[in-house]
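So the structure is just underneath, and the comments pick up after that.
The values are calculated or read from the model by the stated rules, or taken from the named source; none is laboratory data. Predicted model only: the values in this text are computed from it and were never measured. Here the Cβ positions follow ideal geometry from the backbone for every residue, glycine too, while neighbour counts run over all protein chains shown. Surface areas here come from the heavy atoms of the whole protein model, side chains and all, with no ligands, DNA or RNA. Shrake-Rupley method; radii C 1.70, N 1.55, O 1.52, S 1.80 Å.
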Amino acid sequence: MKKIAGKVVVGVLLGAAAGLWVTASVSWASEVSWSDLPDAKVQEYEDPYRDLTYDQIDSLRTIAQLRARLKSEAAPGNVHNDLKTRLTDLLKSWETSGRDPDWLIKQRWVVAERRKLAATAGNPDLDGREVTFSGFVIPAPQDAEGRSTAYLVEVRGMCSHMPPPPPNRLLRLVFEDAWYPRFIYEPIKVSGRLEIAPSQRTIRVVDGPVSMASTFRLEVASIDVTVSPNINASERKPWPLRPHWQGRQAGTSRP
């Protein structure tokens, strides 16, 4: 029997070289879907930019820039007149659209705040619950207390070949015992206590530094290493033998 973070789980060693442990399924944690993580109450909001075309968005940006230049620059008369002509022409192009460009420009910070909230707010009903998640793991440096950490993503390739997910769909994993995946994006199932604990740090993922902003922290109590049969050998990219943040060998307890 192996006790992890106060929970008793069945540990099966996968070999001294691998330094990995797996557990039987746990009944005290409920399996949660990734779509349950965001706060549903802030996902629906008015966004006047949603139905605009790329050219309209670009027009609004140019209008705001021209007004800023006309207000701040002491340009020669001919340049000043050219800027005013461009601004007038752009404003006229909106007359048949049925939309007010001035109102749209004023809404940009309001909409930006709504989008930020939708991407970062976590589901309060999950805060403090014992849950189980399945996903793909990204190794990370130890935290300030020296504990092993990692990130769990919903789709293999996020944060390297694809952009990072929104903070409220990225899990920061914290392990009481030392643990490292055998390869980046190893599919695993983890159970433990989920908490809303926003964090942000930059780590190296595959080709370079990536900013990892996460709304949640999962204190891992059990882990099940479940290699999917449809992952071919070329996708099992080993993590560097000596990660850049420490000297010990990844996937083992050896220095």
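Side notes on the structure shown:
- Furthest towards positive pole of dipole, Pro141, Met162, Pro101, structure part segment 99-165, Cβ charges: Pro101
- Put simply, the Cα atoms of segment 30-88 extend 69, 22, 15 Å along their principal axes, the longest span coming first.
- Global form of segment 142-213, assessed from the alpha-carbon gyration tensor, a/c cut-off 1.5: rounded
- By the Stokes-Einstein formula, at 1.002 mPa s and 20 °C, segment 164-203 with its Kirkwood radius over alpha-carbon pairs has D equal to 173 µm²/s.
- Electrostatic dipole magnitude of segment 32-111 [Cβ: Lys, Arg +1; Asp, Glu -1; Cα centre; debye, to 20]: 480 debye
- Gap separating the Cα centres of segment 160-178 and segment 182-226, nearest whole Å: 3 Å
- Per-residue SASA entry for Asp207, accessible area with 1.4 Å probe, Å² rounded to 10: 140 Å²
- Long pairs among Lys84/Lys106; Lys71/Lys92; Lys71/Lys116; Lys41/Lys116, criterion Cα-Cα beyond 25 Å: Lys71/Lys116
- Exposure of Lys41 as accessible area (Å², to 10), given a probe of 1.4 Å and all protein chains: 150 Å²
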